[in-house]
1. Could you give the spread of the C-alpha atoms of the stretch B:181-227 along their three principal axes, from largest to smallest, in whole angstroms?
2. For the B and A pair, go ahead and give the buried accessible area with a 1.4 Å probe, both sides summed, in Å² to 100.
3. So if the hydrodynamic radius of the stretch B:182-269 is defined as the Kirkwood radius over C-alpha pairs, what does Stokes-Einstein give as its diffusion coefficient at 20 °C and 1.002 mPa s, in µm² per second?
4. With N residues in the stretch B:130-254, what two-decimal value do you get for its Cα radius of gyration over 2.2 N^0.38 Å?
5. Report, for A:THR372, each distance to the same residue's label point in the other copies, shortest first and in nm; define the point 7 Å along Cα→Cβ.
6. Mind listing the long-range amide H neighbours of B:ILE105? Cut-off is under 5 Å, sequence gap 5 or more, other chains count too, H placed in the peptide plane at 1.01 Å from N.
7. Please give the net charge around A:MET158, taking every other residue with its beta carbon less than 13 angstrom from that of A:MET158, where Lys and Arg add +1 and Asp and Glu add -1.
8. Taking θ = phi - 60°, what integer Hz values does the Karplus form 6.51 cos²θ - 1.76 cosθ + 1.60 yield along the stretch A:252-268, in sequence order, with x for Gly and Pro?
Number of protein chains: 2
Amino acid sequence: MSFRIALGPRERKSPFFDRTVAAGVTHFTIYNHMFMPVSYGDPEAEYRRLIEGVAMWDVAAQRQVEITGADAERLVRYLTPRDLKDCVVGKGRYVPLCDHRGRLINDPVLLRLADDRFWLSIADSDVLLWVRAVAAEGGFDVSVGEPDVSPLAIQGPMAEAVVENLLGNWVRVLKYFGFREATVDGIPLVVARSGWSKQGGFELYLRDGAKGGALWDRVKEAGAAYHIGPGAPNYVERVESGLLSYGADTLPDSDPFEVGLDKMIGLDREDDFIGKRALRRKVEEGPARRLVGVAFDGAPVAPNAHPWPARVDGACVGTVRAACYSPRRRGNIGLALLDARHDALGTGLTVEGPAETYRGAVVGLPLVPPGTPLPESG
Amino acid sequence: MSFRIALGPRERKSPFFDRTVAAGVTHFTIYNHMFMPVSYGDPEAEYRRLIEGVAMWDVAAQRQVEITGADAERLVRYLTPRDLKDCVVGKGRYVPLCDHRGRLINDPVLLRLADDRFWLSIADSDVLLWVRAVAAEGGFDVSVGEPDVSPLAIQGPMAEAVVENLLGNWVRVLKYFGFREATVDGIPLVVARSGWSKQGGFELYLRDGAKGGALWDRVKEAGAAYHIGPGAPNYVERVESGLLSYGADTLPDSDPFEVGLDKMIGLDREDDFIGKRALRRKVEEGPARRLVGVAFDGAPVAPNAHPWPARVDGACVGTVRAACYSPRRRGNIGLALLDARHDALGTGLTVEGPAETYRGAVVGLPLVPPGTPLPESG
């Protein structure tokens, strides 16, 4: 099955769009109402580049929701169950957002740019609408908007060398999720050590959409010696690493506990936050489902187009949300959302692909530990 | 430029997905986090079928936000600026939604299924999050959810005959936007005279996602004598007819006045609604932009992939949001969002396509009046 994507004015172009086309993008998705590259036609090369070298990703679709004003901090604390006691300027935090019933509605990274200025760097749902409604109905004195900010991710073990080449050796002192404002050739950036892989890297938050082409070219130039090439959030690597994909690994009523975000939920917080009561009740009851790793047999599978049913003793106990072949584990793997009664390590199950049924088991996360090299080829 | 769409588990499949694949779908978009067919590879045949015959469209991505409970009606009235004084069960209404600053955030059709039960049949934004936030923060006693409901549209001059064949001659008495609950072969439906074209037709709101294939087959069978075929919301017909496409024709800060929804805004309402103050201020100031029809010269253009700049005397005065060739007007047409100082009929402008610049003018809406036939071919 292979289909074309309809290009139309309803979706926005990234500031890097023309450069990704020139670089040979072959597959797009739509994310936050924006076209986002998914592949450049050679998945194996893109994976290898991320694991062994360095890749540049157009992730402009990771939009920012900016909250400013006198009540900005109070609103941010109300929006997330996470306890932000040490929320300082220059340090990002992963902040799951829940609704009033404790359902996960997004899992952004929070960047505090100033005492009264925050960005939520979001996954694929309209957090802008959510925050505007909460702010207005809750009477918070804030402005909420989407600034002209578009991240370009540089990921892989060579990413630090590339970013140092681009910006200077100060980038080496940035800790994970640390960020700083900077410019390169007059292009305004926020530079963060972050990104949606476990291979290390940075995100350059471009602050002027007119300069997307210029930034792309500068990064390509700075990475030439390291054979930088185009890529995109990598399906296989993120499953190997157990990185949560909101909307792929979650269902509309998923809560943070079932997807392993327990440590992000500040149930002991004294101040109020959205979903507090519901989340307390959920933690008492225990989750009905669990996101687990699975490994299964058979010839290498291509990344799944849709979730696959998972069965224990013939009964459907959930779905394999993401499935693929892992070159580093040398086997088929997946992330499955299973009935919590069947989440124990070693539980045997069958996985129903569209053409074949596989035999597998529940295994620990991450499916591939950080730092695992690619096997020698041949 | 032609790219493939990445199929993955983040987007949901429609209940009609497999049937649309079997019918030869070639192009998809993603709409409300769901794959939605856009073309079956023969745009001219799809257009002709809609204008002269009958087409069936998988529009499951037009999701429903269901509001039930004691405060359901009060919440619905608060959510939309439209005055709903005669909002009765069995009659749909077009209800623009605005945020507290008067920005348009969606333009659903409202269906009142019971005194305390409403559906918002939505365009492409997360109205579910918006309504949940407003309901919870505003203290409304309601439940807000997304039911298992997936519309299948039947559009074109032969649609009524097909739906009569499928359901009986009672469908003839349904007025525009009128709806009724019904079943066919045990498949539960809400049947409405509605749909996103000006060629007449119905939407069958399937109420059991497991029966998508069965419904598709029954409609195909009922339409065989009328040569029914697959289609999708039609780019050319909707531009000709001046149907608003939220997100395509609008910008993130667009208000209802600039896109011609003045009559939908109940500024004289005594009860409060979201955006009331902001909208009153906007109507006093007058809109800064206007959505207008444009006609322009040159060889027939393919539907635009991205908005095109529009210029008056060399200065950029806005963008042509949608552009295409109209077989019924025998010329190139578009919908443009222009600086309101340049919205007068007859205003000359240039339209900058990606390869060519065209000369055109502001013209009246609709660009093609309802009932206009296709010219004789050859």
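The values are calculated or read from the model by the stated rules, or taken from the named source; none is laboratory data. Quantities reported herein were computed from a predicted structural model and do not represent experimental measurements. Don't worry about glycine lacking a Cβ; one is built from the backbone with ideal geometry, like all the others, and counts go over all protein chains shown. Please note that ligands, DNA and RNA were not included when accessible areas were found on the heavy atoms of the full protein model with its side chains. Shrake-Rupley method; radii C 1.70, N 1.55, O 1.52, S 1.80 Å.
1. On the principal axes, the stretch B:181-227 reaches 30, 23, 15 Å in Cα extent.
2. 4900 Å²
3. In µm²/s, the coefficient rounds to 133.
4. The reported ratio for this selection is 1.23.
5. Its label point is 6.1 nm from the equivalent points in the other copies.
6. Excluding prolines and chain starts, which carry no amide H, the hits are B:LEU97, B:CYS98, B:ASP99.
7. It works out to a net charge of -1.
8. Those phi angles translate into x, 10, 5, 10, x, 5, 5, 9, x, 9, 3, 5, 8, 9, x, 5, 8 Hz.
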